[in-house]
Amino acid sequence: MGLFKDHGVVYKSVNDVDLGPNTDDIYLHADVKAPRMAGLIAKVFVWFLEMKLIGDILLYFLKKNNRIQKLVSFGVMEDSPLYVPLHPFEDFKEEEEEVKSLCPGLSPAEQVQHAIDCLQSSDATLQDSHFSFRRWKIMDYYKAYSSRKITPLVVAERLISAIVQSSEPGMDMSFFISYDSRDILRQATESTLRYQRGEPISVLDGVPIAVKDEIDCMPYPTTGGSKWLHKVRPCKEDACCVKRLRSCGAILVGKTNMHELGAGTSGINPHYGTSRNPYNPKRISGGSSSGSAAVVCAGLCPVALGVDGGGSVRMPAALCGVVGFKPSYGRIPHSGVLPLNWTVGMVGVLAGTVEDSLIVYAAISGQPEPHQSTMPRLKLPMLKHSSMSSIRLAKSDEWFNDCSDDIRACCFKALACLQKLYGWETVEVTIPDIEVMRLAHYVTIGSECTASIAHHLENGGRSESGWDVRVALSIYGSFGSRDYLNAQRIRNRQMRFHEKIFSMADVIVSPMVGVTAYEIKDDAQETGELDYVNGAALVRYSIAGNFLGLPAVTVPVGYDRLGLPIGIQFIGKPWSEAKLIQIAYAMEALCEAEYKKPQDGTH
């Protein structure tokens, strides 16, 4: 707007920025200047926002007051844009006994068997466990089926009953957008017959797995949490990751609830209800893979698929006390996933244990996408505590501490336990411009979302969207070429910063979220909720994994004073999934004896 003059930040050359702990780089806290809105206030705000002249003025000041213009749009830097976070392959020097390197061309079931070979052998059953609480794992299902103690059909019948119970008034957990009892029973019957013949396809045969409603899975429509998107983009076949699970014999049990279009962090959905947190059903499960996190937390499924565009797998996993794993950009085929965020969104795994995340990761890892010339071999880690080599953990103090007191104390304690038991080293670093990266990612994911569905929005999709999403779409649509290009220049800067940090350390460690699950307000049920303060706190530690295409995993490490789960996060070098899973496994082993059962009673 010509009436207003803006001045952007002048950024130093990447080579002139000190990444050490005593840098003069100033840590910018999120300065979100937007009040919480829901109900009638949200509707009135949308009416003004969608008026051409008034809307333009409101959007200008929204971007200005929240520093998008100063830090991104008008930033001055020498870096060129980086559009896609594809990384060259680096052959990590893992010991041969620490990983299995798989040959290309294996079937999903063969890759799953290699993952099983990586597990610690154990004849222990669920009943033998000395832990106060443990969810059923994939191997528990497989052993129970193989020994004829139970059948996939009986499990399916009980699962359907639990889904119905969780949806009734009084619970209203809203885990699923759609499920088909007959289809679940058909799959379970086929699996039961395979076990009766002694011919299960893999250990995943008969195991119930849920799928986020952003991923194509027959016979269901793919709504993206909306009331309209499936009408203009029909689901015609399984997504690649779903095909691979189905070929292993897994029972695909339905499409889980999500924040509409992935455009929020709470999981509050005015169309399909709010997926509630099983640790406290009055609180959010997080977004956008809210239903996937909640069904795993509640014990309905040992594993669920999600899509992680801005922490959307890891964030709800941490809030619900489960494992959330997002591989490197390009590792999991993306075909059949809603094209809402091309360069930041990746299929991820939510699981009750690190072991189960490894098994499903092995199943869904496939061949390179058409735009990828090559991809490194799939490497699977040997999950043995004794095989853990020395690890260097990069920790950026001010960023690490920018969370609630309970989260900070819990993550500090977990990190200290790792150091004490394994002798791992903490390397103090500074990661510059964290808040700048958050805003640049917001410009990127918003621009890609609106570009992918712009035609449908013009033909009525906007008016059928929730009120909170209409605000998000208006902001996304206000970004121009300068905003987007500068965001990609910031991506390039951050890529080079992180390359330097990874030359000093194996992984970056941080909390997963800045706050634990907050309360669901009554006024948000009909309109959705605009809460950018909590939203910024929830995504604070997520962005590098998406914006830079890095693998990342969160593991539950404790609870706050209200009994709500807390997760720690490890961010790895590109293609270092094997080492990352090993680290997560070591962290889980130190904490799992203290895991607590959710209170909702569905488990």
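The values are calculated or read from the model by the stated rules, or taken from the named source; none is laboratory data. Computed from a predicted model, the values in this text were never measured in an experiment. In this analysis, Cβ positions are derived from the backbone assuming ideal geometry, glycine residues included, and neighbour counts consider all displayed protein chains. For accessibility, only protein heavy atoms count, side chains too; no ligands or nucleic acids. Shrake-Rupley method; radii C 1.70, N 1.55, O 1.52, S 1.80 Å.
Structure values in brief
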read-out	value
Cα gyration tensor category, rounded, prolate or oblate, for the range 214-279 with a/c compared to 1.5	oblate
Residue 31 - accessible surface, heavy atoms, 1.4 Å probe, Å² rounded to 10	60 Å²
The range 187-281, accessible area per residue, ligands and nucleic acids excluded (1.4 Å, Å²)	28 Å²
Spacing of the two label points (7 Å from each Cα toward its C-beta) at residue 504 and residue 168, in nm	5.7 nm
Distance histogram for the range 325-462 (every C-alpha pair counted, 5 angstrom bins, percent rounded to whole numbers)	2, 7, 10, 13, 16, 17, 16, 10, 5, 2, 1, 0
Theoretical ellipticity at 222 nm over the chain - DSSP helices of four or more residues, -39500 (n - 2.57) apiece, nearest 500	-11500 deg cm²/dmol
Computed over the range 497-603: relative contact order in percent, which uses C-alpha pairs under 8 Å that are six or more apart	29 percent
Whether the range 161-255 is rounded, prolate or oblate, judged on the alpha carbon gyration tensor where a/c under 1.5 counts as rounded	oblate
Derived scalar couplings ³J(HN,Hα) [the range 495-508; Karplus, 6.51 cos²θ - 1.76 cosθ + 1.60; whole Hz; x for Gly, Pro]	4, 6, 4, 5, 4, 5, 5, 6, 7, 9, 8, 7, 9, 9
Distant-in-sequence amide H partners of residue 307 (H built 1.01 Å from N, under 5 Å)	348
Extended-chain gain in nm, criterion 0.36 nm per residue less alpha-carbon gap, residue 385 and residue 561	60.3 nm
Principal axis dimensions, largest first and in whole angstrom, of the chain by Cα	76, 51, 49
The range 238-283: relative contact order as a whole-number percent, Cα under 8 Å and 6+ apart	20 percent
Cα centroid separation, the range 253-289 to the range 219-241 (Å)	18 Å
Distribution of pairwise C-alpha distances over the range 557-603, 10 Å bins, in %	22, 41, 27, 10
Gyration tensor (alpha-carbon) shape descriptor, the range 391-493, a/c threshold 1.5	prolate
Additional length obtainable on full extension of the chain from residue 25 to residue 409, 0.36 nm per residue less Cα span	135.7 nm
Antiparallel DSSP beta bridges within the chain, percent to nearest 5	70 percent
Share of alpha-carbon pairs per 5 Å distance bin for the range 102-214, given as whole %	2, 9, 17, 18, 20, 16, 11, 5, 1, 0, 0
Apportionment of accessible area to carbon and sulfur, the chain, percent (1.4 Å)	53 percent
Sites residue 90 and residue 113 - FRET efficiency at Förster radius 22 Å, r taken between beta-carbons, to 0.05	0.20
Length released on extending from residue 397 to residue 57, taking residue separation times 0.36 nm less the Cα-Cα span	118.6 nm
Kirkwood-based Rg to Rh ratio, the range 450-534, C-alpha trace	1.10
Reference-scaled alpha-carbon Rg (2.2 N^0.38 Å with N residues) for the range 1-60	1.81
Rh (Kirkwood; distinct C-alpha pairs) - the range 445-591, Å	18.1 Å
Tail weight of P(r) past 17 Å, computed on alpha-carbon pairs of the range 476-521, percent	63 percent
Viscosity 1.002 mPa s, 20 °C: Kirkwood-radius Stokes-Einstein D of the range 329-410 over Cα pairs, µm²/s	131 µm²/s
Distance cut-off 26 Å, percentage of C-alpha pairs in the range 241-394 lying past it	27 percent
Whole-number accessible area per residue in Å² for the range 489-530, which is evaluated in the context of all protein chains at 1.4 Å	31 Å²
